[in-house]
Amino acid sequence: MKFCSQCGAGDLAWRVPEGDNRPRHVCGQCNQVFYQNPKIVVGSIPVWGDQILLCKRAIAPRYGYWTLPAGFMENAETTQEAAARETLEEAHAEVEILELYTLMNIPHTSQVYLMYRARLCNLDFSPGTESLECALYREDQIPWDRLAFPTITHTLRLFFEDRRQAKFGTHVGDIVYQDQAASFVLRRAKP
């Protein structure tokens, strides 16, 4: 950040404001404090029978890798609306959003993922501008070694395990990195 969006001054400092406990950008002219907060990523697990719709990424990061349709939440929308919008944008697919399935904190990237179980309304889907292709996969067909992100891998593994047990719940966990490797720490599972 180089300029204050409140007064236009270029006198920004990285410091802990009075009454706070973390460094923030603070304008030296008008004392405006600028907060940077985590990004919320929202998506869906679109299901058709025993298959799940995946999208092959046409953008960085992880170009050419497979993912569930998801992206950054926009202002003035609910998380359910964001999940449906991202599915429509990335796969031109209409879904019925069911319930929250996973909530994953990713502290090292300052992101929170919310993935919803969803039902595909029909088989009329095709790649959006952020996808190279879209396809339905059964569990034994999932390209596990070509999944884009640990959040997607963990969400899918939890989903298939819950489906085998015929009991879905909400899963909350953290993706933490130790020694360059991602691990998933399940904080709480609610049946």
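Being in contact with an Asp or Glu (Cβ under 6 Å, 6 or more places away or on another chain) and of a type in the set (A, V, I, L, M) is the requirement here; does I59 meet it?
Numbers: in contact with an Asp or Glu (Cβ under 6 Å, 6 or more places away or on another chain): yes; of a type in the set (A, V, I, L, M): yes.
So I59 passes the test.
Within region 90-115, count every residue that is in a strand (DSSP E or B), over 13 Å from T151 (Cβ atoms) and in contact with a helix residue (DSSP H, G or I) (Cβ under 8 Å, 6 or more places away or on another chain).
Initially, region 90-115 is screened for residues in a strand (DSSP E or B), giving 95-106, 111-115.
Filter again for over 13 Å from T151 (Cβ atoms), leaving 95-100.
Now drop any that are not in contact with a helix residue (DSSP H, G or I) (Cβ under 8 Å, 6 or more places away or on another chain), which leaves 95, 97, 100.
Counting residues in region 90-115 that are in a strand (DSSP E or B), over 13 Å from T151 (Cβ atoms) and in contact with a helix residue (DSSP H, G or I) (Cβ under 8 Å, 6 or more places away or on another chain) gives 3.
Please verify whether region 90-105 includes one or more residues that are assigned by TED's automatic domain parsing to the domain that holds D174, touching a strand residue (DSSP E or B) at 6+ places or on another chain (Cβ under 8 Å), without any contact (Cβ under 8 Å) to a residue 24 or more places away in the chain and over 20 Å from I142 (Cα atoms).
yes
Looking at A148, A135 in this structure, which one is surrounded by 14 or more Cβ atoms within 10 Å (Cβ to Cβ), within 21 Å of L120 (Cα to Cα) and in the same structural domain as L98 (by TED's automatic domain parsing)? Even if it seems obvious, please write down each step before you answer.
Working: A148 fails: within 21 Å of L120 (Cα to Cα).
Sole residue among the options that is surrounded by 14 or more Cβ atoms within 10 Å (Cβ to Cβ), within 21 Å of L120 (Cα to Cα) and in the same structural domain as L98 (by TED's automatic domain parsing): A135.
Against the definition (surrounded by fewer than 21 Cβ atoms within 10 Å (Cβ to Cβ), among the hydroxyl-bearing types (S, T, Y), touching a strand residue (DSSP E or B) at 6+ places or on another chain (Cβ under 9 Å) and under 18 Å from V47 (Cβ atoms)), how does Y116 come out, yes or no?
Numbers: surrounded by fewer than 21 Cβ atoms within 10 Å (Cβ to Cβ): no; among the hydroxyl-bearing types (S, T, Y): yes; touching a strand residue (DSSP E or B) at 6+ places or on another chain (Cβ under 9 Å): yes; under 18 Å from V47 (Cβ atoms): yes.
So Y116 does not fit the description; no.
The values are calculated or read from the model by the stated rules, or taken from the named source; none is laboratory data. All values reported here derive from a predicted model rather than from experimental measurement. Quick reminder, even Gly has a Cβ in these numbers, built from the backbone with ideal geometry, and neighbours come from all protein chains shown.
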